[in-house]
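Only the coordinates and a few stated rules stand behind these numbers; no lab work does. This one's a predicted model, so the numbers in the text were calculated from it and none came from an experiment. Backbone-built Cβ (ideal geometry, glycine too); neighbour counts: all protein chains shown.
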Amino acid sequence: MAEITERDTVRDAAPADAPIEDAAPRRGMPRWLITTLSVGLLLGVWEYFGANINPVFGSYPSAIAEAFVELARSGKLGAALIESLQPFLVGYGLAIVAGVPLGLVIGRFRTMEAALGIYVTAGYAMPLVALVPLLVLWLGLGFAVKAAVVFLMSLFPITINTWLGVTAVPKTLIEVGKSFVAPDSVILRRIVLPATLPYIMAGIRLAVGRAVVAMVIAEFFTTISGLGAIIINSANNFDTATMFVPIVVLMVLAIGLNSLIGLIERLVAPWQAEIAGRDD
Amino acid sequence: MGEVALHDISKRFTLRVGGDVQTVQALSRVSFTVRDGEIVSLIGPSGCGKTTALRIAMGLETASAGRVTVDGREVKGCGHDRGMVFQHAELLPWLTAMQNVMFGLEMKGMRGAELRDTATRYLDLVGLTESANRRPHQLSGGMKQRVGIARALAIDPKVLLMDEPFGALDAQTRETMQEELMQLHARTKKTILFVTHDLDEAVLIADRIMVMREGRIQEIMDVPLPRPRGDLGAQRGTSAFADTRYRVWQALHADGKASTGMLH
């Protein structure tokens with residue numbers, strides 16, 4: 001392959017590694033199988049040891065599954081989920097809409113970084129639980145305060161990641177824009193933003209976890225509602241198995257959201273996975 | 001017309017080394033002119049200031065003193081009258097080869113059918129018609145740099161500024177690229193300022209060579225090779241090539257001491 005007329009090989013051959021590697025079969029177990037085995041093993045161990053514990057102090061998968069079916073049949077679970085998801089999605093969505101531009105601007109402009117960076121860093125560490133009573137005074141006990149708590153918890157990881165991503169954009173890519181006399185706004189939108197996308201997506205993923213926690217906090221400390229209400233009520237009744245149902249549902253929800261975000265990332269930034277050589 | 005000139009350009013950097021601040025004089029009163037249609041190579045060891053001089057000519061860095069003119073008019077900052085070819089091509093990884101070429105044109109305000117046609121024409125010019133829809137990571141090093149050259153040429157600048165454009169390529173690809181650059185130059189007659197640290201390359205492609213050392217132009221030499229150069233491999237065998245190469249080598253090693261790079 002190397003000794004065909006040198007000029008032609010050099011001219012139009014693709015990088016030799018890319019297509020050839022793709023053709024080779026991957027060895028080892030598929031990813032989903034490993035994950036399934038891992039989850040199966042964990043559930044098995046939990047079931048085995050959990051079943052021998054006093055049901056007030058702990059629970060185990062089959063008991064939780066039973067409680068799940070019961071909650072789902074009665075319609076309570078579905079209603080609570082819908083009730084919880086509304087402030088969750090509004091708060092989380094607003095955090096993305098506000099956090100990404102904020103991070104871009106802070107990362108790109110020195111003045112903005114000096115003026116606003118400090119609040120973002122501090123805000124990330126803000127003990128939000130302590131501020132919930134104050135938020136209640138401002139926004140009442142309803143939907144708004146819950147969305148606000150979710151928003152405040154998820155805003156900062158998104159902003160900080162975006163900010164970090166901007167500072168990691170290679171200087172030379174920005175110089176490409178400058179050398180073609182691109183205005184600052186164009187450099188921001190057409191060079192900095194796409195170059196930062198992997199970081200932004202990472203921030204959005206990290207924020208899922210915080211948003212879920214924020215949602216439960218909000219439901220505990222404002223009007224008790226949604227999945228948080230099921231947790232509190234069943235805990236008060238020493239019904240540990242039922243208490244675990246919303247917890248598991250929330251974690252599964254977070255996993256689902258994460259995969260969805262991964263999917264979106266591959267749609268909006270396909271080059272990233274290609275460059276990194278990830279193909280699944 | 002396309003003539004770029006540096007007039008008495010000086011550049012100082014401050015470096016913080018440990019506790020104290022050091023001043024590095026990267027360029028000291030550098031003046032030279034690249035004439036219309038000429039290829040000038042700027043050669044010297046790393047840290048001699050050649051890349052800094054090029055970046056100041058482009059407007060990516062500002063000089064501490066002195067002026068840059070294009071066709072006699074002073075320029076400040078970047079402009080469409082100068083096209084930059086970067087060391088590692090620096091294509092935008094999320095755009096296809098075609099879109100990368102279009103990017104520069106869009107910045108110049110071109111839109112619609114003209115935009116596509118122009119980008120296509122310049123991709124043709126560098127022989128990448130077939131690969132127009134590939135993204136940078138699907139291109140070899142040489143192909144990437146061809147796109148980089150097409151992107152810079154497409155905006156039809158008066159001067160092409162090239163910063164060690166073939167330095168990262170393997171030897172065979174580099175030779176191919178040098179020949180292609182000669183053909184491009186024969187067709188477009190662009191004025192080119194070409195920074196390199198490769199002695200052979202400097203002699204093969206240039207009409208004049210400026211040897212830089214420690215922030216100064218040490219010597220300016222004419223290259224007595226004919227234009228068009230044709231087969232560069234054959235040029236290497238000529239005595240004119242060997243003589244010039246030796247003279248440049250001597251200039252680079254003048255006063256015997258090995259030059260030490262101070263700033264890359």
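Treat the protein assembly as shown as a sphere of radius equal to its Kirkwood radius over Cα pairs and apply Stokes-Einstein at 37 °C in a medium of 0.692 mPa s; give the translational diffusion coefficient in µm²/s, rounded to a whole number. Show your work: numbers first, answer last.
On the way: Rh = 27.9 Å.
Roughly 118 µm²/s, to the nearest whole number.
On a 20 Å Cα-Cα criterion, which of the cross-link pairs B:K11/B:K144; B:K76/B:K144; B:K11/B:K158; A:K178/B:K76 come out too long? Listed pairs above 20 Å: B:K11/B:K144; B:K76/B:K144; B:K11/B:K158. Under the simplified labelling scheme, the A:T36-A:L164 pair shows an inter-label distance of 3.5 nm, with each label point 7 Å from Cα along Cα→Cβ. Only alpha carbons enter this Debye calculation for segment A:101-168, each as an equal point scatterer, and the log10 of I(q)/I(0) it gives at q = 0.11 Å⁻¹ is -0.31.
Once backbone amide H atoms are built at 1.01 Å from N, B:Q218 has B:V211, B:M212, B:R213 as its partners under 5 Å, excluding neighbours fewer than 5 places away on the same chain.
I'd like to know which of B:L91, B:F166, B:T118 lies farthest towards the positive end of the charge dipole of segment B:83-224, counting +1 on Cβ of Lys and Arg and -1 on Cβ of Asp and Glu. After comparing all options, I get B:T118. In chain B, Rg over Rh equals 0.97, where Rg is the alpha-carbon radius of gyration and Rh the Kirkwood radius from pairwise Cα distances.
FRET efficiency for the A:I261 to A:A79 pair, using the beta carbon distance and R₀ = 30 Å, is estimated at 0.70. A DSSP coil position with no more than 11 other Cβ atoms inside 10 Å describes the following chymotrypsin sites (Phe, Trp or Tyr not before Pro) in segment A:41-102: A:F57. Cross-link partners of A:K146 among aspartates and glutamates, defined as those whose alpha carbon lies under 19 angstrom from its own and excluding same-chain residues fewer than eight positions apart: A:E83, A:E219.
Across every pair of non-identical alpha carbons in segment A:34-129, the mean reciprocal distance, once inverted, gives a Kirkwood radius of 18.1 Å. If each Cα of segment A:126-212 is one equal point scatterer, what is log10 of I(q)/I(0) from the Debye formula at q = 0.20 Å⁻¹? For segment A:126-212, the Cα-only Debye profile gives -0.86. Rounded to the nearest 500, the 222 nm mean residue ellipticity of the protein assembly as shown from helices alone is -18500 deg cm²/dmol, with -39,500 (n - 2.57) taken per DSSP H run of at least 4 residues.
Distances over 18 Å make up what percent of all Cα-Cα pairs in segment B:147-250? That tail contains 49 percent of the Cα-Cα pairs. Length gained on full extension, B:Q183 to B:R73, computed as 0.36 nm times the residue gap minus the Cα-Cα distance: 36.7 nm. What the Kirkwood sum gives for segment A:134-280 is a hydrodynamic radius of 17.9 Å, with every pair of different alpha carbons counted. The mean number of Cβ atoms from other chains found within 10 Å of a Cβ in peptide A:168-180 is 6, as a whole number. What FRET efficiency would be calculated for the residue pair A:A65, A:I118, taking the C-beta separation as r and a Förster radius of 41 Å, to the nearest 0.05? The formula returns an efficiency of 0.30 here.
If you take the alpha carbon atoms of segment B:52-113 and fit the smallest convex hull around them, that volume is 107 Å³ per residue.
Model label points for A:F57 and A:I275, set 7 angstrom from Cα along the Cα-to-Cβ axis, are 5.3 nm apart. Amide H contacts for B:D36 (H built 1.01 Å from N in the peptide plane; partners 5 or more residues away or on another chain; cut-off under 5 Å): B:G2. Where the alpha-carbon atoms of segment B:1-152 are placed on the principal axes, they occupy 51, 40, 26 Å, in descending order. Quick one: pull the percentage of alpha-carbon pairs in chain A with a separation above 29 Å. Cα-Cα pairs of chain A separated by over 29 Å account for 52 percent.
For B:L15 and B:H253, FRET efficiency with R0 = 22 Å and r from the beta-carbon atoms, rounded to 0.05?
Efficiency at R0 = 22 Å is approximately 0.25.
Residues of segment B:184-214 with an amide N closer than 17 Å to a point placed 7 Å from the Cα of B:Q25 along the Cα-to-Cβ direction: B:212-214.
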